[in-house]
Amino acid sequence: TSTFLLAAGLLLAEIVLFYAMFSAILKQKRLTDIQKDFANNITHELKTPLSSVKVMFKSLERKEVLENQVHLGQLLQSLKRQYEKIQAITDSVLESAMVTEFQPELCRCDISQHLREYASDLRLEKHLLEAIIEPISQELRTNLAVLDKALNNLIDNAIKYSPESLKITFKAYAQHDFYIIKIIDLGPGIPITEQHSVFDKFYRVPERNKHTVKGLGLGLYISKQAVQQLGGSLTLFSKEGGGCTFTIKLPINEN
Ligand code: ADP
């Protein structure tokens, strides 16, 4: 019981702290339309986990719940899952603020081996994954943790935006002085008029917001900044209705 109450207390403290931080940030800035959208989106994103947490706290006031070890265990697991959801949201907000602040340390690494492991760790529940990772003869100077940050958002989007059972392709190969990584989905694609804006902070394609897909408009911004921190580029090719191809191009330096 005491572990449970401690975990619950910590979670509550973190939520209160994040809300205080978030409202302080909003107070300081005049809200532009995009920021207003962001405020709506984050409220929407936090609403479900927060109301679940509230219901769980309420049930903790009941003596029979506190005395039932099995029930308490289940409650702790649910609380943990909601905590992880809230943490993922706060992490992406903080990451978007920090991604340009530090120059990542680059080191020589076997990128194709890393990507093979990355792809084999991906467990897609509702999509097919095709991974074609070609080796390169040289080692590449990069930062794999920063690269993963970029990849995670691109893969998450491919999963989020494309209908179930469609294929997601994850390809990597060397071409001239570059190592190219492509993430290709067969979802709705992005209209040509929106393609430049989708990399902006907080931007979401307007019609999509009416859809059920949740998001804060930070994923592509974080991915692009992360790849640029590695000296590379992130570009998009898409036709409306014809899926998206995101391409990461990393320079291969000989020395
Ligand atoms: P989020 O997904 O949280 O909204 P992102 O910055 O990752 O934020 O993406 C910005 C917008 O670009 C999304 O709101 C969506 O409209 C569009 N988008 C991104 N990836 C895809 C994709 N693979 N297929 C279709 N639309 C996408």
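Side notes on the structure shown:
- Evaluating 6.51 cos²θ - 1.76 cosθ + 1.60 at θ = phi - 60° for every residue in the range 110-117, the Karplus couplings come out as 8, 5, 5, 4, 4, 5, 5, 5 Hz, glycine and proline recorded as x.
- Just checking the listed ones, 131, 158, 88: in the Gaussian network model of the chain with Cα springs under 10 Å, the one fluctuating most is 88.
- For the range 130-255, Kirkwood radius (reciprocal of mean inverse C-alpha pair distance, Å): 15.1
- Which listed pairs, of 85/201; 80/239; 54/182; 58/85; 58/224; 63/160, have C-alpha distances above 31 Å, in listed order: 80/239; 54/182; 58/224; 63/160
- Pairwise centroid distance, computed over Cα atoms, of the range 190-255 with the range 153-182, Å: 12
- Remark on residue 231: its backbone amide H falls under 5 Å from none of the residues 5 or more positions apart or on other chains, H modelled at 1.01 Å from N.
- Amide H contacts of residue 200 (H built 1.01 Å from N, under 5 Å, at least 5 apart or other chain): none
- Across the range 221-238, coupling constants 3J(HN,Hα) worked out from phi with the 6.51/-1.76/1.60 Karplus curve, θ = phi - 60°, read 4, 4, 4, 5, 4, 4, 5, 5, 4, 8, x, x, 9, 10, 10, 10, 10, 7 Hz, and Gly and Pro carry x.
- Over the chain: helical MRE at 222 nm, DSSP H runs n ≥ 4 each giving -39500 (n - 2.57), nearest 500: -17000 deg cm²/dmol
- A simple charge model with +1 on the Cβ of Lys and Arg, -1 on the Cβ of Asp and Glu and nothing else charged puts the dipole of the range 1-135 at about 740 debye relative to its Cα centre.
- Converting the Cα gyration tensor eigenvalues of the range 6-92 into ellipsoid dimensions via √(5λ) gives semi-axes, longest first, of 31, 12, 10 Å.
- The mean of 1/r over all pairs of different alpha-carbon atoms in the chain, once inverted, gives a Kirkwood hydrodynamic radius of 20.4 Å.
- Folded to 0 to 90 degrees: helix 69-98 orientation relative to the chain principal axis, Cα: 50
- Under 5 Å, built H, 5+ apart or other chain: amide partners of residue 253: 141
- If only the Cβ of Lys and Arg carry +1 and only the Cβ of Asp and Glu carry -1, the dipole of the range 153-255 around its Cα centre is close to 220 debye.
- Note, ³J(HN,Hα) from phi for the range 34-42, Karplus 6.51, -1.76, 1.60, rounded to Hz, x at Gly and Pro: 5, 5, 5, 4, 4, 4, 5, 5, 5
- Helix axis angle, 144-161 relative to the chain longest principal axis, alpha carbon, degrees: 70
Where a number appears in this text, it was derived from the coordinates with a stated rule and is not lab data. It should be emphasised that the depicted structure is a prediction, and the values quoted were computed from it without experimental measurement. Here the Cβ is made from the backbone with ideal geometry for all residues, glycine too, and neighbour counts use every protein chain on show.
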